[in-house]
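As C-alpha cells, the structure follows; a few thoughts come after it.
Read-outs: derived from the displayed coordinates by stated rules, not from any lab. These numbers come from a predicted model, not from an experiment. Don't worry about glycine lacking a Cβ; one is built from the backbone with ideal geometry, like all the others, and counts go over all protein chains shown.
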Amino acid sequence: MIPSEFDYVKAGSVQEAIGLLQQHGDDAKVLAGGHSLIPLLKLRLASPAVLVDISGIGDLRGIKSGGDKVTIGALTTHNDLEQSAELKGSFPILSEAATLIGDPMVRNRGTFGGSLAHADPAGDWPAVALALGAQMHITGSGGERTVAADDFFIDILTSDVQPGELLTSIDLPMPSGKVGMSYQKFSHPASGYAVVGVAAMVTLDGSGNCSSARVAVTGAGAKAVRLTSVEEALVGKSLTEENVAAAAGTAGEGIDYLGDIYASEEYRAHLVKVFAKRAVLAAAGNVK
Amino acid sequence: MATHPISLTINGKGQQSSVESRRLLVHYLRDELGLTGTHIGCETSQCGACTIMLNGSAVKSCTLFAVQADGAEIMTIEGLAKDGEMHPIQEGFWEEHGLQCGFCTPGMIMSTYDLLQKNPNPDEHEIRHALHGNLCRCTGYQHIVKSIQYAANKMQGATVAD
C-alpha cells in the first residue's frame, strides 16, 4: 500500500497554493485532510506528480456567522462541524450529518471543503450542501468566483473546481421562518459511506403547510442531485405522513442509478424513496 | 526521489529525520523509529489499529504521510506509561480483560485517550460511538467498554471496586 512517487509542497497562503497549482496544472493535486486522496494514492488510482498541502493555511479553517449567512472555511474538519455549538442552533443538520461520516479519527482529519471538491458520489456533504443552498467560493489566478451548490457537482468525482483553482470557503444562507432540516443515511456497514443519503430542509408557512422544500440525494447516481419532484409535491401541503409518502414516492426519476455488489440499481432506487420520506418527516419533526 | 527534512516531537522527545514524500507516518514510526506498538491492520483507514495522537487528536497514522507531521506533537502507545506505571487506560484494559490477542489494543487505547480528554465521563453509547473506527475481532467489545469505564472512573479519582 505504497503510493507511487510524488513531490510534496506545503503552501503558506492561498496565493502561494494557487501559484503552485497553476505551475503544475494537471500534475498537481490538493492535499488537505487527505482522507479521500491518500486512500486513492495508496491504491494507485491517482498518481499526481505533486501534492500541494494546504492544511497549514490558517485562514481556511473556521466557522464565521455574519448576518444572513454562515461561512465555513474549506479546511474546517468534520469534527469541527460535529462539535460546533455555534451551528447547533441554525444548522443542526451539520452536526447530524457529521456524526455519520466515517469514524472519529476520520472526522478529525477529513475536511468539509475537501469532501465537497472531491465530489465522491457517496459523500455525505454534497447532499447537505444542495439541501441548504450552499454557495461555493473558488479562487484561481483570476480572482474569486462563486458557484451555487446546484451547479457545483458535475459528475463522478468531478466538481466545478478546475485545475489551478482552490475551493476556499462555503456560505450557507441563514434559514428564515419556521425551518426544519435533517439528513438520513443508509450507511454501508463496513466503509460507512452512504449507500443512499437524503438531506431535506423544509419551511412552513403561517398555517403550518410547507411553503418551500429542498431535498437532495447522494449515493444514488454519479453525483448528488436535488429531488425536485419531491420538493414540488411537498409545497402547499401539510407534512403529514401520507402527504410526505406520496411526495417521496416520486423520488428518483431521471437518476442514472449506480449499482454495485453491495446495492443494485433497483435497490438504490427503492432506498431513495424510503430515505426521502424519512428525511422530510424528520425535518418536519424538528421545525423551529 | 523527493525527500524532505522533518522535525517533530514524539512522546515528548524531539526528532529530526529526512523522509521520502510518500512515506506513510505509520511506516516512519515503526520502521525508522522502532515504535512498533502502533500496529498496521488494514492499511485502508478502516480498522484503527494504527491510531495515534497528533496535536491532541486521535488520527489513523496509515492515512497520513510522515511529511505532513512536520512540526507536530505526536503521542504513540509507547508514550502512555510513566516511570514504569501503566496509564489508567492501560490498567483498565488489564483489569477488565479488554483484550484477547491484543492486536487492536494500542489503537483502542489511543482512541480512548482522545475520548476521555474530551469527555471524561462518557456513557456507554458515547464510548461505543467513540470506538466506531476501531475494530476488534476477539472480544465482542463488552470488556473494552468496561475497561474504558474503569479508566474513566480512575482518572476522575473515583475508587474502583475490586
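The Cα atoms of the protein assembly as shown give a gyration tensor whose axes a ≥ b ≥ c have a/c of 1.5 or more with a/b no greater than b/c, which makes the shape oblate. Rounded to the nearest 500 deg cm²/dmol, what is the calculated helix-only ellipticity per residue at 222 nm for chain B, with -39500 (n - 2.57) per DSSP H run of length n ≥ 4? The helix contribution divided over chain B gives -8000 deg cm²/dmol. By the count of other C-beta atoms within 10 Å, a proxy for reagent exposure, B:76, B:44 are ordered fewest to most as B:44, B:76. Using a Cα-Cα cut-off of under 27 Å, which lysines could be cross-linked to residue A:10, ignoring same-chain neighbours fewer than 8 residues away? List returned: A:29, A:42, A:64, B:13, B:60. Counting only other chain Cβ atoms within 10 Å of each residue's Cβ, the peptide A:34-40 averages 4. Assuming a ≥ b ≥ c are the square roots of the Cα gyration tensor eigenvalues, decide whether the stretch A:50-142 counts as rounded (a/c under 1.5), prolate (otherwise, with a/b larger than b/c) or oblate. Taking the square roots of the gyration eigenvalues as a ≥ b ≥ c, the stretch A:50-142 is rounded. Distances between placed amide hydrogens fall under 5 Å for residue B:11 paired with B:74, B:75, B:76, all partners being 5 or more residues away or on another chain.
Taking every C-alpha pair closer than 8 Å and separated by at least 6 residues, the mean separation divided by the residue count of the stretch A:1-51 gives a relative contact order of 61 percent. Put in line by how crowded their Cβ is, counting other Cβ atoms within 10 Å and starting with the fewest, A:54, A:154 read A:154, A:54. Ordered by the count of other Cβ atoms within 10 Å of each Cβ, fewest first, B:6, B:77 give B:6, B:77. Shown for chain B are the DSSP H helices of 18 Å or more along their axis, judged by Cα atoms, with a mean Kyte-Doolittle hydropathy of at least -0.5: B:105-118, B:142-155.
Our coupling estimate for the stretch A:130-138, obtained by passing each phi through the Karplus curve with A = 6.51, B = -1.76, C = 1.60 and θ = phi - 60°, is 5, 5, 8, x, 5, 10, 9, 9, 10 Hz, Gly and Pro reported as x.
Taking one quarter of the surface of the convex hull spanned by the alpha-carbon atoms of the stretch A:205-277 gives a direction-averaged projected area of 4.6 nm². For the stretch A:246-257, the Karplus equation 6.51 cos²θ - 1.76 cosθ + 1.60, evaluated at θ = phi - 60°, returns couplings of 5, 5, 5, x, 8, 5, x, 5, x, 7, 8, 5 Hz by residue, with Gly and Pro reported as x. Model label points for residue B:44 and residue A:146, set 7 angstrom from Cα along the Cα-to-Cβ axis, are 4.2 nm apart.
The aspartates and glutamates whose alpha-carbon is closer than 13 Å to the alpha-carbon of residue A:69, local same-chain residues fewer than 8 away aside, are A:86, A:171.
Cα centroids of the stretch A:136-169 and the stretch B:113-146: 39 Å apart. Taking amide H as placed 1.01 Å from N in the peptide plane, the amide H of residue A:237 sits under 5 Å from that of A:210, each at least 5 places away or on another chain. Peptide A:23-33 is shielded by partner chain Cβ atoms: per residue, an average of 1 of them sit within 10 Å of its Cβ.
Across peptide B:13-26, the mean count of Cβ atoms from other chains lying within 10 Å of each residue's own Cβ comes to 2. Measuring r between the beta carbons of residue A:288 and residue A:265 and using R0 = 45 Å, the FRET efficiency lands at 0.75. Computed over the stretch B:83-151, the range of Cα coordinates on each principal axis works out to 29, 28, 17 Å, biggest value leading. Each residue of the stretch A:204-217 was assigned a 3J(HN,Hα) from its phi angle through the Karplus expression (A = 6.51, B = -1.76, C = 1.60, θ = phi - 60°), giving 9, 8, x, 8, x, 8, 6, 9, 7, 8, 10, 10, 9, 10 Hz with x at Gly and Pro.
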